[in-house]
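Sending over a structure as structure tokens; questions will come in a sec.
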Amino acid sequence: MEDKAISRAVIKRLPRYYRYLGELLESGVERISSNELSDRMQVTASQIRQDLNNFGGFGQQGYGYNVKYLHSEIGKILGLDRTYHMIIVGAGNLGQALANYVQFEKRGFLIIGLFDVNPVLKGITVRGIPIRMAEELPDFLQKNSVEIAALTLPKANAKEMADVLVENGIKAIWNFAHTDLRLPKDVIVENVHLSESLMQLSYNISRREQAREPAPDYGDNDENSA
């Protein structure tokens, strides 16, 4: 496949394709057309074809898509045909919730370490993983192969901890801290701002409620009456 720039919008849709195709596999569906996939995903059939054509197409005229094959190929595009070792820095409620989410392992993301600055948490295990103190982090990274670090720290601590991670070889950070990290260009950062997602939901609720409100009735206006 020719190496070319793929838009971020297409990349964001790939996990959705993978998830829907996985559900089709579980339901025993062997093939599907772009129109049928469009109905399920609420994405136009032409958009689906355009997205997949960025990576070679995968469909056959008059047949559609082989669900198992397409699911496997998208998994490879997403890098899910390998295992990533991952740590979580910040073992509070969010960090522990992420550690307890078993679907990560099913997708190849293996959590091998949990870290925090709170001494009260030291030694507590989450799914068999002991919580270590932050000062142990450099030594742990030197002794273990870690590809991804999830940051679930307060904003005030995120930048300093991100610098420690980068200094010790981390090249991919999943950032839940409420700040956009500025790191070297060779470090991949995926920012997850939960509050922004919630605000977008609030906006859509407000728009829907405004659309339902009847137009105001100002009654008779003597100045505008004939």
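The values are calculated or read from the model by the stated rules, or taken from the named source; none is laboratory data. From a predicted model like this one, the values you see are computed outputs, not experimental measurements. Ideal geometry is used to build each Cβ from the backbone, glycine not excepted, and the neighbour counts take in all protein chains shown. All accessible areas refer to the heavy atoms of the entire protein, side chains included, with ligands and DNA or RNA removed. Shrake-Rupley method; radii C 1.70, N 1.55, O 1.52, S 1.80 Å.
Given the options F109, F104, name the one that is modelled with pLDDT of 95 or more and either crowded, with 16+ Cβ neighbours inside 10 Å or closer than 21 Å to W174 by Cβ (or both).
Going through F109, F104 in turn, just one is modelled with pLDDT of 95 or more and either crowded, with 16+ Cβ neighbours inside 10 Å or closer than 21 Å to W174 by Cβ (or both): F109.
Restricted to segment 205-221, and to residues that are part of a helix (DSSP H, G or I) and open to solvent by 90 Å² or more (accessible area, probe 1.4 Å), which residue is modelled with the lowest pLDDT?
R212
Looking only at segment 140-153, count how many residues are polar (S, T, N, Q) and crowded, with 18+ Cβ neighbours inside 10 Å.
Selection size over segment 140-153: 1.
Run L14 past the list (1) surrounded by 15 or more Cβ atoms within 10 Å (Cβ to Cβ); (2) over 14 Å from H71 (Cα atoms) and report the number of the one that doesn't hold.
Tallying (1) surrounded by 15 or more Cβ atoms within 10 Å (Cβ to Cβ); (2) over 14 Å from H71 (Cα atoms), L14 fails exactly one: (2).
Look at segment 117-134 and say how many of its residues are of a type in the set (G, A, S) and either surrounded by 17 or more Cβ atoms within 10 Å (Cβ to Cβ) or touching a Pro at 6+ places or on another chain (Cβ under 7 Å) (or both).
Total satisfying the criteria: 2.
What pairs come out if I take residues in segment 164-191 that are of a type in the set (K, R) and pair them with residues that are in a strand (DSSP E or B) and open to solvent by 50 Å² or more (accessible area, probe 1.4 Å) whose C-beta lies under 8 Å away, six or more apart or interchain?
That search, which allows pairs on different chains as well, returns K171/I188.
Something else about it: Is it fair to say V43 is of a type in the set (A, V, I, L, M, F, W, C) and under 17 Å from G75 (Cβ atoms)?
Taking the combined requirement at face value, the residue does not satisfy it.
Looking at segment 172-182 only, could you name the residues that are touching a Leu at 6+ places or on another chain (Cβ under 9 Å) and either of a type in the set (K, R) or closer than 13 Å to G90 by Cβ (or both)?
Within segment 172-182, I173, W174, N175, F176, A177, H178 meet the criteria.
From the list L114, L80, L94, L137, pick out the single residue that is part of a loop (DSSP other than H, G, I, E, B) and surrounded by 14 or more Cβ atoms within 10 Å (Cβ to Cβ). Walk me through it before giving the result.
Details: L114 fails: part of a loop (DSSP other than H, G, I, E, B); L94 fails: part of a loop (DSSP other than H, G, I, E, B); L137 fails: part of a loop (DSSP other than H, G, I, E, B).
Only one candidate passes the filter, namely L80.
Right, here's the next one. I87 versus (1) assigned to a strand (DSSP E or B); (2) farther than 19 Å from V164 by Cβ; (3) under 17 Å from the mean Cα position of the chain (by Cα): which is the lone unmet condition?
I87 satisfies all of (1) assigned to a strand (DSSP E or B); (2) farther than 19 Å from V164 by Cβ; (3) under 17 Å from the mean Cα position of the chain (by Cα) except (2).
This table checks each residue for (1) free of Cβ contacts under 8 Å to residues at least 24 places away in the same chain; (2) under 23 Å from Y18 (Cα atoms); (3) touching a Cys at 6+ places or on another chain (Cβ under 9 Å).
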position	(1), (2), (3)
G108	no, yes, no
P119	yes, no, no
G123	yes, no, no
R132	yes, no, no
D139	yes, no, no
V146	no, no, no
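Yes or no: segment 57-65 includes at least one residue that is surrounded by 13 or more Cβ atoms within 10 Å (Cβ to Cβ) and at pLDDT 90 or above.
Within segment 57-65 (the criterion being surrounded by 13 or more Cβ atoms within 10 Å (Cβ to Cβ) and at pLDDT 90 or above), the answer is yes, since at least one residue qualifies.
Considering segment 154-203 alone, what residues qualify as being under 16 Å from the mean Cα position of the chain (by Cα), open to solvent by less than 60 Å² (accessible area, probe 1.4 Å), under 26 Å from G79 (Cβ atoms) and of a type in the set (G, A, S)?
Answer for segment 154-203, where residues must be under 16 Å from the mean Cα position of the chain (by Cα), open to solvent by less than 60 Å² (accessible area, probe 1.4 Å), under 26 Å from G79 (Cβ atoms) and of a type in the set (G, A, S): A172, A177.
Scanning segment 24-39 for residues that are surrounded by 13 or more Cβ atoms within 10 Å (Cβ to Cβ) and charged (D, E, K, R), which turns out farthest from K106 (Cα to Cα)?
That would be E36.
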